[in-house]
Amino acid sequence: MAMEMLGYAKWWLRSFFGSKAPLVNTLIIHYGCNLRCKHCSIHSSNIEHLGKNKLSYDEVVNDLRSQFKRGARIAYFEGGETTLWEDNGKDLGDLIKAAKDIGYKNVGYTTNGTQRMFTGSDIISVSLDGPRDMHDTIRGDGVYDKLMDNIANTDFTGAIYANMVINKYNLDLIEETAKVVKDNEKLTGIIFNFITPPPYDIALTNDEKKKAIAKIRELKKNGHPILNSKKGLELLAEEDWSKKCPYYVTVFVLPDGTHKDGCPMAGTDSCKECGFAAVREYYLVKRGNPFTITEMSSIFAMSKK
Ligand SMILES: C[S@@+](CC[C@H](N)C(=O)[O-])C[C@H]1O[C@@H](n2cnc3c(N)ncnc32)[C@H](O)[C@@H]1O
Ligand code: SF4
């Protein structure tokens, strides 16, 4: 663990002195998905029909290698539904193994939890948008029970955390959702985000966001396992990140093979209503906020061994 911390400290020091090397490599491996969630930006943008929508195994491995050379030490697989990705007999498990073999210290993926869980990563982020009825309203009938069964039956030994996207549907169910996580011994904690439009019709007003943040802070104080840092929660109320976005902390590769240092939404209207918690935490890490670094690193940066 000391060696891992040293590696991250080196990245931070280099970045303090002007290096723009990424720490995190986020790979959107494909846009394919078995669900059509009501809040999903990918689904609402109809992005599946925009040309090439899947990275091949070789493209992923080449990208993992080249970003590792630039300095990235955390690899994160995103989708579409990551667990459905395949290429000539290779699946998500092969991508996780490739990232580990190359030397990434922390490897994770996000999933809707309806398929089998791949166990080779250090962390798994599962989407949880409310207790059963609300989760199914947003994601489809039976999705909550499948997710909970898969969490209960997985042999995975790393951290599984829940990712909630607060929107007009589930705004009043923050406490109930935090309780689902608190009562589930397999879940490490929950990270709260606000919807980043599109879609616009279920986006939150600034007042709604402030009330939600007050609620989340109260729950965190009362011992609910909330993973947003204290300062990160405060910053969730700030909507326009077009000027402050810590653009180089993470590099993205998109399914068509293009790279973006920083968020693929940079420069779009979405960027002015950014609800992604990670953006705030990256910003605080980049600025050397010691509390955020301590809170975040134990879960999101360390390997599980
Ligand atoms: C795009 S999904 C891909 C992984 C997987 N299919 C899933 O649902 O977890 C990654 C995360 O982005 C979230 N997400 C989707 N649309 C969003 C939006 N408009 N604003 C904020 N987060 C969003 C999802 O809820 C999920 O937690
Ligand atoms: S499961 Fe994930 S990628 Fe699929 S529609 Fe839902 S949020 Fe979007």
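Data for the structure
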read-out	value
Separation in nanometres of the label points that stand 7 Å from Cα toward Cβ, at Ser45 and Lys221	3.8 nm
Three-way shape label, segment 1-149, alpha-carbon gyration tensor, a/c 1.5	prolate
For segment 117-129, Karplus couplings with θ = phi - 60° (6.51, -1.76, 1.60), whole Hz, Gly/Pro x	8, 8, 9, x, 8, 8, 9, 10, 10, 10, 7, 9, 10
FRET efficiency for Asp183 and Arg287, using Cβ-Cβ distance with R0 set to 41 Å, rounded to 0.05	0.70
Cβ-derived FRET efficiency at R0 22 Å, Arg65 paired with Asp256, nearest 0.05	0.70
Extension reserve of the Asp155-Lys20 stretch, reckoned as 0.36 nm per residue once the Cα distance is removed	44.8 nm
Mean-position separation - Cα centroids, segment 107-184 and segment 243-262, in angstrom	26 Å
Distant-in-sequence amide H partners of Ile166 (H built 1.01 Å from N, under 5 Å)	Asn193, Phe194, Ile195
Cα-Cα over 24 Å, subset of Lys38/Lys211; Lys100/Lys243; Lys168/Lys210	Lys100/Lys243
Scattering curve values for segment 2-300, log₁₀ I(q)/I(0), Debye with Cα scatterers, q = 0.12, 0.16 Å⁻¹	-0.76, -1.53
Förster-model FRET efficiency, 41 Å R0, Leu35 and Ala9, C-beta, rounded to 0.05	0.55
Rounded to 5, percent antiparallel among DSSP beta bridges of the chain	15 percent
For the chain, cysteines whose Cβ has no other cysteine Cβ within reach (under 4.7 Å)	Cys33, Cys245, Cys263, Cys271, Cys274
Amide hydrogen neighbours beyond the local backbone of Gly189, cut-off 5 Å, H modeled	Ala162
Residue-averaged [θ]222 nm for the chain, counting only DSSP H segments that reach four residues, each worth -39500 (n - 2.57)	-11500 deg cm²/dmol
Thr137 paired with Thr205, simple spin-label distance in nm, labels 7 Å along Cα-to-beta-carbon	1.9 nm
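Every number in this text was worked out from the coordinates using simple rules, so none of it is lab data. All figures in this text were calculated on a predicted structure; none of them were measured in a lab. Positions of Cβ are backbone-derived with ideal geometry, glycine not excepted, and every protein chain shown enters the neighbour counts.
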